[in-house]
Amino acid sequence: MLQEAQSAYRTIRVTPQPSGFGAEIAGVDLSRPLSGDALAEVKAAWARHAVVAFPDQPLDLHQLEAFTLQIGAFGKDPFIKPMPGHPNVLELRREPDEKATNFGAGWHSDWSFQPQPPAATILHSEVVPPVGGDTLFCDGARAYEALSDTLKAMLAPLRAVHSAGRAYGTKGVFARETEKRTLQIIVSEEADETLTHPLVRTHPVTGRKALFVSPVYTVGIEGLAPKEAQAILGLLFDHMIQDEFIYRHRWRPRMLLMWDNRCTMHLAEGGYDGHLRLMHRTTVAGDTPV
């Protein structure tokens, strides 16, 4: 990683990935309220790099909640039971003896099936296994910018159909699951509902356009036959997960990671069977995609 020009920041130190997608932020203590200047710089770095990591941040649940509220109001987390006494915190715990597929194992943008999907997801590591467990991120903005002008023009008016049905629906992956899972999933008919968002989304802060689709939650394109939609979506998915658009995040204990669901999708890797992995997660409310 390369040290970003420090003249851009006065209160934090930002070390971006070579591509500019993903960065590490130091010089702040997230266990305490950030000053107005520090918070503004954190938000600016997050908007610029989309995925930002804060190492060495030992936080309890109240401190995690307080930091989340500095970024924005809590988003709604459907289909997963929250922690007792902490309705806005999910405990992502996988025991050493679990055989179920690790949670988040398919490419997705969190809760994109909601009318107003979350702007941010925040994940804090408590127990990191010695092997596996990386999180991969795709840069939807650079992936869009790399498309031909002809394809961009074709995609511009399209609206993608989103649904939670493949995962949380009555016939979804979790409904068919037979292995024991510590994470408490809620299978629901509500998950089978659909709604549409622009296939190409404009970021409300940066103004950059990004592909806003994912294999898990995007099930079609409005006005197109299923085969037509899947041909276009399949092409886009293959394009988006090329190495040049991917940032691989390697976890360390007591690290907080915040990513922008409006311009990224992500995938949680497994590879840590036999080891405990424990994370705490919150979401920040977003706006209607345009």
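The values are calculated or read from the model by the stated rules, or taken from the named source; none is laboratory data. The structure presented is a predicted model; accordingly, all values stated were derived computationally and were not measured. Backbone-built Cβ (ideal geometry, glycine too); neighbour counts: all protein chains shown.
Beta carbons closer than 6 Å, at least 6 apart along the sequence or on distinct chains, pair a first residue in segment 31-56 that is part of a loop (DSSP other than H, G, I, E, B) with a second that is surrounded by 21 or more Cβ atoms within 10 Å (Cβ to Cβ) and acidic (Asp, Glu) for 50/260. If a residue has to be at positive phi and under 16 Å from the mean Cα position of the chain (by Cα) to count, how many in segment 74-95 make the cut? Total meeting the criteria: 0. State whether one or more residues within segment 195-210 are without any contact (Cβ under 8 Å) to a residue 60 or more places away in the chain and under 19 Å from residue 267 (Cβ atoms). Within segment 195-210, not a single residue is without any contact (Cβ under 8 Å) to a residue 60 or more places away in the chain and under 19 Å from residue 267 (Cβ atoms). In this structure, is residue 67 aromatic (Phe, Trp, Tyr), assigned to a helix (DSSP H, G or I) and modelled with pLDDT of 95 or more? Taking the combined requirement at face value, the residue satisfies it. If I ask for residues that are surrounded by fewer than 12 Cβ atoms within 10 Å (Cβ to Cβ) and either closer than 11 Å to residue 136 by Cα or without any contact (Cβ under 8 Å) to a residue 24 or more places away in the chain (or both), which ones from segment 247-256 would you list? Residue satisfying the conditions is 250 alone.
Taking the criterion of being under 21 Å from residue 128 (Cα atoms) and without any contact (Cβ under 8 Å) to a residue 40 or more places away in the chain, the residues of segment 57-82 that qualify are 60, 62, 63, 82.
In this structure, residue 197 does satisfy being assigned to a strand (DSSP E or B) and surrounded by 15 or more Cβ atoms within 10 Å (Cβ to Cβ). Picking from residues in segment 146-179 that are of a type in the set (Ser, Thr, Tyr) and touching a residue at least 40 places away in the same chain (Cβ under 8 Å), the one that is surrounded by the most Cβ atoms within 10 Å (Cβ to Cβ) is 168. In this structure, is residue 214 surrounded by 22 or more Cβ atoms within 10 Å (Cβ to Cβ), assigned to a loop (DSSP other than H, G, I, E, B) and in contact with a Pro (Cβ under 9 Å, 6 or more places away or on another chain)? For residue 214, the condition - surrounded by 22 or more Cβ atoms within 10 Å (Cβ to Cβ), assigned to a loop (DSSP other than H, G, I, E, B) and in contact with a Pro (Cβ under 9 Å, 6 or more places away or on another chain) - is not met. Within the group 189, 244, 222, 228, which residue is among the charged types (D, E, K, R), surrounded by fewer than 14 Cβ atoms within 10 Å (Cβ to Cβ) and in contact (Cβ under 8 Å) with a residue 24 or more places away in the chain? Exactly one of 189, 244, 222, 228 is among the charged types (D, E, K, R), surrounded by fewer than 14 Cβ atoms within 10 Å (Cβ to Cβ) and in contact (Cβ under 8 Å) with a residue 24 or more places away in the chain, namely 244. When residues in segment 109-126 are screened for being over 15 Å from residue 89 (Cα atoms), crowded, with 23+ Cβ neighbours inside 10 Å and of a type outside the set (A, V, I, L, M, F, W, C), 3 of them pass.
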